[in-house]
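Student: Encoded as structure tokens, here's the structure I'll be asking about.
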Amino acid sequence: MSLSSSADTDHQTTADDVNVRYGHQCRQLSAEEVARLESHSSVVSEFRQNRLEREAKKNWDLFYKRNTNKFFKDRHWTQREFEELMACEGSAQEDRDMSLLEVGCGVGNTVWPLIAQKTNFRFYVCDFSPVAIDLFRQNPLFDDKKCTTFVTDVTEEDAIRRHLGSDVHLDYVSLIFVLSAINPKKMRTALNNIHQVFKAIIYGFY
């Protein structure tokens, strides 16, 4: 494959260029691999896709009932990422709590390291699974003055605003491992829902 360089439209960036410039490891697909991808446009049957989507909530509830808060590890690297971002924001933010919406919060593996670090965030967190939200609220670090939790399907119309109201306007959103789990046909609705509750500029992590 080849990638067009934004710096020079006449130059075709090769896989080696990407490896050197960005540190990503990639290679050119063989003709056989390309043909195989083109012949298998869908690896899951339509019936199976519909069933998985229809039963998604039940499956996530079962997952969290079985694994509770022991499956995923806390994402301590988010402390490093947010420190860099807050430094860019400057001192204008220091006199108030910034707000973070965590979509697909699960049991809180992104939020708890940020709370333990005593970052100045007001958290709004939501998940598809009621079981996940229950587990989130059972964490010793949970404080309902610091965290607002709600259960919602972000692919439904007004899925976020109907819980937060029209007066809430947020600073940041985190969607770690969320967009890849959403049906592409419903992704626009999900992103519109997020846009509704944000200020003019959205800072996103995904």
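All of the numbers you see were taken from the coordinates with simple rules; none came from a lab. These numbers come from a predicted model, not from an experiment. So basically every Cβ, Gly included, is an ideal-geometry build from the backbone, and we count neighbours across all protein chains shown.
Student: Between beta-carbons, use under 14 Å as the cut-off and find the net charge around F72, counting Lys and Arg +1, Asp and Glu -1. Working shown, then result.
Tutor: Details: positive: R66, K70, K73, R75; negative: D74, E102, D127.
Around F72, the charge tally is +1.
Student: Over 32 Å between Cα atoms, which of K65/K145; K118/K185; K145/K199 qualify? All intermediate terms of the calculation are to be shown ahead of the outcome.
Tutor: Values: K65/K145 26 Å; K118/K185 38 Å; K145/K199 22 Å.
Violating the 32 Å Cα-Cα cut-off are K118/K185.
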